[in-house]
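In what follows, a structure is listed as C-alpha cells, so that the remarks can point back to it.
Quick note: the coordinates plus some simple rules give every number you see, no bench work behind them. What you see is a predicted model; the values in this text were computed from it and never measured. For neighbour counting, all protein chains shown are included, and Cβ atoms are generated from backbone atoms with ideal geometry for every residue, glycine included.
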Amino acid sequence: MLKKPAQKYSGKIGEVEIGTGEKAIKLGGEAVLPFYSFDGNTGNAPKIGMEISDIYPEDWTDALKELYKDVSSDAVKWAQFVEEKYSPDFICLRLISADPNGEDASPEDCAQKVKAVVEAIKTPLVIAGTGNHEKDAKLFEKIAQETEGRNVLLMSAVEDNYKTIGAAGVLAYNNKIVAESSVDINLAKQINILVNQLGIDNEKLVDNVGCSAGGYGYEYVISTLDRVKLAALTQNDKTLQVPIITPVSFETWKVKESIEPEADTPEWGNQDDRGVSMEVAAASGVLASGSNAIILRHPKSVEIMRSFINELLG
C-alpha cells in the first residue's frame, strides 16, 4: 500500500483568542494548508459567525427580515436570539447606525449599544464599523474603552486609522483588532508590519484581506488567500502568520443574484435559495483557500457551512 509522504512546512499560523469564558474561541494555529490533515496539524477548526445589525436592517431581503422580525429592532434581543437559536461560534454586530451617510450615530451612543450586547451574551463578539475610516477611528476608540476585558474583535483597522484603533483597541484596553487590506498580498503585509511596529503582536491581530461575491472579482480573493497562506507556511513569512476573517455576508447579499425579486426574474428561481447559494459558494471557496473565520447572514448558510467544515475535517 502506497503511503504518501507528508509535506512539511516551515511556518505556522499564530493563534488568536476572542471572547471570554467557556465560549471563547481560538482562530488559526494551523501548520498546513487548509484542511490538509494528511500533512499535519490543521489547527483550530474554521469558525462561523452570524451578522446582526445595531438597527433594523432595511436593506435585507424580505425573507431574512421575516426571520428576525420580532428582534431586529433591538440589538440586544437580536444577539440573544441568534445565540440561543443558532449557536454560532461568534456574533458580528455591524454598526450601521454610525454611518455618516446614514443616521451618523455618535461613537458614544454606539459604544453603549455594544456594551449592552456584550454584557447580554456569552458568545464572542466581533464589531464591524462603517468603512468610513475617520468615523471608525472615533467609534472603535470609544467601543474599546467600554468593552475593556471582554476580548472583542474590532473590525477593521486600515492604513488611515490603524494607529488610533490599535492604540485604543489593543494597547489601552486589551481587545483584538482586524487589519484590513484590499485583495493584495503586499498590502496585507504592509498593514501588518505597520500594526506590529505599534507594538501589537500577532496574537492580538487578525487579517481581512478582502472578499467578494462569486463572479465579482472572486478569483482575485481566492488567489490572494492562496498566496498569503503559502507565504506564511512555505516561506515562513512572520508578517503573514495571523488568522484571516472573511465577511462573506457583507458582499454576497448586495449583488443582484441575491436581491433581485423573484417577480422580476422568475427564471432565476427562488430568491432566498439564490442568496443562500451565493453565500455558501463564496464561503466554501474562502475557507478552502485559507480563511479561518467567516461571517454569514442566513441560518441555512450557517447549517450548510457547518456540515462542509465537519466533512472536510473528518
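Take every Cα pair under 8 Å whose residues are at least 6 apart in sequence, average their separation, divide by the length of the chain, and the relative contact order is 20 percent. Close amide-amide hydrogen proximity is noted between S53 and R94, each under 5 Å apart and 5 or more residues distant or on a separate chain (H modeled in the peptide plane; Pro and chain starts excluded).
Where the centroid of each part is defined by its Cα atoms, how far is region 240-314 from region 138-182 in Å? First find each Cα centre; the distance between them is then 27 Å. Our coupling estimate for region 133-149, obtained by passing each phi through the Karplus curve with A = 6.51, B = -1.76, C = 1.60 and θ = phi - 60°, is 5, 5, 5, 4, 4, 5, 4, 6, 4, 5, 5, 4, 5, 6, 10, 3, x Hz, Gly and Pro reported as x. With the convex hull of the Cα atoms taken as the outline of region 19-313, the averaged projected area works out to 14.5 nm².
Bridging of K122 to aspartates and glutamates at a Cα separation below 13 Å is possible for E22, E83, E84, D89, once same-chain residues fewer than 8 apart are set aside. In order along region 280-289, phi translates into HN-Hα couplings of 5, 4, 5, 5, 5, x, 6, 5, 5, 9 Hz, rounded to whole numbers, per the Karplus curve 6.51 cos²θ - 1.76 cosθ + 1.60 with θ = phi - 60° and x for Gly and Pro. Net charge in the neighbourhood of N175 (other residues with Cβ under 9 Å of its Cβ; Lys, Arg +1, Asp, Glu -1) is +2. When each of the peptides 226-237, 91-102 is scored by the mean number of other C-beta atoms lying within 10 Å of its residues, the order from highest to lowest reads 91-102, 226-237. Cross-linked pairs K113/K142; K254/K300; K115/K229: Cα-Cα separations exceed 23 Å for K115/K229. Give the shape of region 7-142 as rounded, prolate or oblate, defined through the alpha-carbon gyration tensor: a ≥ b ≥ c are the square roots of its eigenvalues, a/c under 1.5 means rounded, and otherwise the shape is prolate if a/b is larger than b/c and oblate if not. Prolate is the answer for region 7-142, as a/c is 1.5 or above and a/b outweighs b/c. Under a model in which nothing but the beta-carbon of Lys, Arg (+1) and Asp, Glu (-1) is charged, the chain shows a dipole of about 1360 debye around its Cα centre. A dipole drawn for the chain from +1 and -1 charges on Cβ atoms has a positive end, and of T224, C110, I304 the residue lying farthest that way is T224. Amide H to amide H, with H built 1.01 Å from N, A157 comes under 5 Å of V178, A179, E180, counting only residues 5 or more places away or on other chains.
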